[in-house]
Structures are given as C-alpha cells and as structure tokens.
1. Among the residues of the range 35-45, are any in contact with a helix residue (DSSP H, G or I) (Cβ under 7 Å, 6 or more places away or on another chain) and modelled with pLDDT under 90?
2. Looking at (1) surrounded by 12 or more Cβ atoms within 10 Å (Cβ to Cβ); (2) not in a strand (DSSP E or B), find the lone condition where residue 50 falls short.
3. Within the range 26-41, can you find the residues that are assigned to a strand (DSSP E or B) and either surrounded by fewer than 16 Cβ atoms within 10 Å (Cβ to Cβ) or over 27 Å from the mean Cα position of the chain (by Cα) (or both)?
C-alpha cells in the first residue's frame, strides 16, 4: 500500500475504506470521496493522481467587477445623455 497524498480540496488526511467489494478513498476533513475501485492499491493510485499546477495568469477582472463596470458605463452614458438634454433645453430659449 502506498502513501496517500493530502486531500486536494481541503488538505486534510484521507484514508482508504472498503465498501462491499470495492475500495474508495475518504477525506476526513471535507468528506470528499473517490471510488469505487477493485483494489486498495488502485484507489490509492487514483487518489494520488494529480494534475500538475501551472502558474495561472491573473484574471483581468472578476465577473462581478465586469458587471459593475458595465452597469456604471450604462449609467454614465445615461447621465451624459440627460446632461446634454438639460443643457440643450436651457440653451433652447437663449441665443448666444
């Protein structure tokens, strides 16, 4: 039996467990489960299989920030249009 890596989700200790005829891996912390495997060794090998971490590019903006910026833009355009209307109305009766 090989050593189990910590849980990829919470970092807690995980352990193999037999469930009837099958084996699974159970995390003590977040209760993540990985199973059903025909052997304990197969369950451990699957649990320990990890995708290598790659450096992530920093996201330009979160979805919430994008939404907020879009709303501010729409409001800004509306406010500018209203200001133009008010200015045009105030100049409507006056001649320069």
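1. Restricting attention to the range 35-45, the residues satisfying the condition of being in contact with a helix residue (DSSP H, G or I) (Cβ under 7 Å, 6 or more places away or on another chain) are 35, 37.
From what is left, the residues that are modelled with pLDDT under 90 are 35.
Within the range 35-45, one or more residues are in contact with a helix residue (DSSP H, G or I) (Cβ under 7 Å, 6 or more places away or on another chain) and modelled with pLDDT under 90.
2. (1)
3. Scanning the range 26-41 gives 33, 36, 37.
The values are calculated or read from the model by the stated rules, or taken from the named source; none is laboratory data. All values derive from a computational prediction rather than experimental measurement. Every residue, glycine among them, receives a Cβ derived from its backbone with ideal geometry; neighbour counts consider all protein chains shown.
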